[in-house]
Amino acid sequence: MIRLFRHFIPLSLLLLAGLEFLLFLEIAEFSAENYFQGHGAHDAYGAGYRPWLFAAVLTLMNSVFGLYEWGWTRGPLAMTSRVLGSLAVTTLLYAGASRFLTDPFLIRSGMVAAIAMSGLTSLLIRLLFMEFGKTDMFKRRVLVVGAGTRAAALDDIIAAGEDKGILVVGYLPMGSPHRYVAEDRVIDEEGSIYEIARRLRVEEIVVAIRQRRQGGMPSAELLECKLRGIPVSEMANFCERQTGLIPLGSLNTSWIIFADGFAPGSLRDSIKRLFDLLVSGLFLLATGPVMLLFFVLIKLESRGPALYTQVRVGQNDEPFTIYKFRSMRTDAEKDGVPIWARKNDNRITRVGAFIRRTRIDELPQILNVFLGHMSFVGPRPERPYFVDELASQIPFYRARHSVKPGITGWAQVKFPYGASVEDAMHKLEYDLYYVKNHSLFLDFSILLQTVQVVVLGKGVR
């Protein structure tokens, strides 16, 4: 893992993106020289042809389609569909650009050859990547100190998370009779932590112990490991770095107080506000016809207002009115009690199902961004009723209100739609990561992944 602008990125995926950009660049040069009807690239197109532009656009589209995350490793179908989607959008972009720009890459044999070779290259690289991923040779060997509830929670996070570069070699119970991890993963070897770590070729030790007083924490042994060159990490720091979330079970108030981050920056906030103001103004102009169309469709399908207003909790717990297209029947909450949206919810109309799947129902929130109630990126705002309910059951829940809420957010691109207290707890773990590490770089990354969520239709209810 490397940290760029406070956000952690897997080094292997960053190297993959860099390698592909260089290969796409070579492919663009090769195709131009050999397939443009016998003409050299520079002779045929002069200053109008830019091989690096083709490489940059295709690399960006690969990012949009999640090819620099771990989702594509779920199988050949997931990988192939994403590669084909990236190639299709790139082709359409160049087809459109060729009408306005000076020969960025004409739709001729050279373009077809470049697209075909680039697609095969992406598939072959990832097949090799997956084969290497089946071995433990390149994985970071981690020893977990503890075998209780925190260790079990860490085991679940690693098993369900997206990080593929970690190999947990085992769990040290530290004499506790209560073990919550699989027995075959518990290490009962004799010797100090350092001796065990050296025998198992451990590269990092993660502390997952709840009771640290009265001898519960083997401080002297952990200090020996650190001084002898084996990094020692808190569970919260480890999960933040490796999985992009901060587990609630490992948090306490002192960790939040003394951790880096969790602090506003006036310059960053001013730049973000300027970006929100300019882009929301342009979006309101660009999406005006689309919003007008769906305004009419909603009115034609069912009686009632097309726009749906609702009070939500914003930054610093300040309430504001949010605007959305109505996607449910007007009697969706006829008893006056707020209800979580469910999977296959029968309250959703036909037009509503489409606009929820494509996120068109969120378009009126651009007005909230323009007015300053929200930002494009941030934790999703909740209704006061749910905020009070969740804050009474989930520790640190109101910490997410220290930044402006957003149309999209880190939790939205990393976790499916939440419809229960348990889901809200998991989403808060991602929201806390954002609150701690938010930056313009992370916002841009989230916006790219949001395009992927919309295109692939993930997490819709």
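Odds and ends about this structure:
- Scoring Leu84 on the criteria (1) farther than 29 Å from His426 by Cα; (2) buried (at least 19 other Cβ atoms within 10 Å of the Cβ); (3) modelled with pLDDT of 90 or more; (4) aliphatic (A, V, I, L, M) leaves a single failure, condition (2).
- Selection from the range 358-371 of residues that are in contact with a Phe, Trp or Tyr (Cβ under 9 Å, 6 or more places away or on another chain) and assigned to a loop (DSSP other than H, G, I, E, B): Leu363, Pro364
- Filter result for Ser445 (hydroxyl-bearing (Ser, Thr, Tyr), within 19 Å of Val279 (Cα to Cα) and at pLDDT below 90): yes
- Residue check, Glu429 charged (D, E, K, R), under 27 Å from Phe275 (Cβ atoms), in a loop (DSSP other than H, G, I, E, B) and touching a residue at least 40 places away in the same chain (Cβ under 8 Å): no
- The set of residues from the range 103-137 being assigned to a helix (DSSP H, G or I), of a type outside the set (A, V, I, L, M, F, W, C) and either modelled with pLDDT under 75 or surrounded by 12 or more Cβ atoms within 10 Å (Cβ to Cβ) (or both) comprises Ser109, Gly110, Ser118, Gly119, Thr121, Ser122, Arg126, Gly133.
- Checked against the criterion of being closer than 30 Å to Glu131 by Cβ, modelled with pLDDT under 90 and surrounded by fewer than 19 Cβ atoms within 10 Å (Cβ to Cβ), the candidates Gly216, Gly165 yield just one match: Gly165.
- Residue among Leu223, Leu200, Leu251 that is among the aliphatic types (A, V, I, L, M) and under 27 Å from His7 (Cβ atoms): Leu251
- Residue satisfying all of: in the range 397-442; more than 18 Å from Gln315 (Cβ to Cβ) and of a type in the set (A, V, I, L, M, F, W, C); nearest to the chain's Cα centre (by Cα) among these: Val413
- Residues of the range 187-203 that are more than 18 Å from Ile166 (Cβ to Cβ) and either in contact with a Pro (Cβ under 9 Å, 6 or more places away or on another chain) or among the aromatic types (Phe, Trp, Tyr) (or both): Asp188, Ser192, Ile193, Tyr194.
- Residue list for the range 344-376, restricted to those being among the small types (Gly, Ala, Ser) and either free of Cβ contacts under 8 Å to residues at least 40 places away in the same chain or crowded, with 21+ Cβ neighbours inside 10 Å (or both): Gly352, Ala353, Ser375
- In the range 250-320, counting only helices (runs of 4 or more DSSP H) that sit wholly within it, the ones holding 1 or more residues that are farther than 19 Å from Phe441 by Cβ and outside the structural domain of Leu367 (by TED's automatic domain parsing) span 253-258.
The values are calculated or read from the model by the stated rules, or taken from the named source; none is laboratory data. Source: prediction; values computed, not measured. All Cβ positions, glycine included, derive from the backbone under ideal geometry; neighbour counts span all protein chains shown.
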